[in-house]
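Undergrad: This structure is in C-alpha cells; I'll ask about it shortly.
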Amino acid sequence: MNIPDLINGIFEVSGGFFLLTNIVKLMKDKKLRGVHWTPTLFFTCWGIWNLYYYPHLEQWLSFCGGLFIVTINSIWLGLLAYYSWGK
C-alpha cells in the first residue's frame, strides 16, 4: 500500500457511498427526475477500465473502491432500466 493508493481508495469508496443516494432516490421516486443516464453509463465504463488498470499499478485499495463504484452505478442503471422500460 502506498499513500496515493490510500487517498484514491478513500475517494473511490466515499464516492460509492455518495452514489448510494442515487439508488435510494430512484427507488423512492420510481422514475428518473432531473438527470440523464448517459454520464452514469460513461463513468461505469470508465470504472470497468479502472478494474483492469488498478491491479497493473498494484493499487488494491483503489481497485476495491472502484469495484464499489462500478457495482453501485450498475445497480442504478439496472433500476433505471427496470423503472423506465420494465414496467
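The values are calculated or read from the model by the stated rules, or taken from the named source; none is laboratory data. It should be emphasised that the depicted structure is a prediction, and the values quoted were computed from it without experimental measurement. So basically every Cβ, Gly included, is an ideal-geometry build from the backbone, and we count neighbours across all protein chains shown. SASA here: full protein model, heavy atoms, side chains in, ligands and nucleic acids out. Shrake-Rupley method; radii C 1.70, N 1.55, O 1.52, S 1.80 Å.
Undergrad: Do we have any residue at all in the stretch 9-27 that's outside any helix (DSSP H, G or I) and more than 24 Å from Leu57 (Cα to Cα)?
TA: Taking the stretch 9-27 and keeping what is outside any helix (DSSP H, G or I), we get none.
Within the stretch 9-27, not a single residue is outside any helix (DSSP H, G or I) and more than 24 Å from Leu57 (Cα to Cα).
Undergrad: Report yes if some residue within the stretch 73-87 is at pLDDT below 95, among the hydrophobic types (A, V, I, L, M, F, W, C) and open to solvent by 70 Å² or more (accessible area, probe 1.4 Å); otherwise report no.
TA: yes
Undergrad: Pairs under 7 Å by beta carbon, first residue more than 18 Å from Ile69 (Cβ to Cβ) and in contact (Cβ under 8 Å) with a residue 24 or more places away in the chain in the stretch 20-36, partner surrounded by 11 or more Cβ atoms within 10 Å (Cβ to Cβ) and hydrophobic (A, V, I, L, M, F, W, C), six or more apart or different chains?
TA: Listed pairs, sorted by first residue: Met27/Leu79; Leu32/Leu26; Leu32/Leu80.
Undergrad: Filter the stretch 1-55 for residues that are among the charged types (D, E, K, R), in contact with a Phe, Trp or Tyr (Cβ under 8 Å, 6 or more places away or on another chain) and open to solvent by less than 60 Å² (accessible area, probe 1.4 Å) and give the result.
TA: Quick first cut of the stretch 1-55, residues among the charged types (D, E, K, R) only: 5, 12, 25, 28-31, 33.
Of the ones still in play, those that are also in contact with a Phe, Trp or Tyr (Cβ under 8 Å, 6 or more places away or on another chain) are 5, 12, 30-31.
Of everything in the stretch 1-55, those that are among the charged types (D, E, K, R), in contact with a Phe, Trp or Tyr (Cβ under 8 Å, 6 or more places away or on another chain) and open to solvent by less than 60 Å² (accessible area, probe 1.4 Å) turn out to be Asp5, Glu12.
Undergrad: Looking only at the stretch 13-63, count every residue that is over 12 Å from the mean Cα position of the chain (by Cα) and within 20 Å of Ser84 (Cβ to Cβ) and tell me the total.
TA: 15
Undergrad: Next question. For the structure I just gave you, tell me whether Leu67 is surrounded by 15 or more Cβ atoms within 10 Å (Cβ to Cβ), hydrophobic (A, V, I, L, M, F, W, C), closer than 28 Å to Gly86 by Cβ and over 11 Å from the mean Cα position of the chain (by Cα). Let's see the steps before the verdict.
TA: Working: surrounded by 15 or more Cβ atoms within 10 Å (Cβ to Cβ): yes; hydrophobic (A, V, I, L, M, F, W, C): yes; closer than 28 Å to Gly86 by Cβ: yes; over 11 Å from the mean Cα position of the chain (by Cα): no.
Taking the combined requirement at face value, the residue does not satisfy it.
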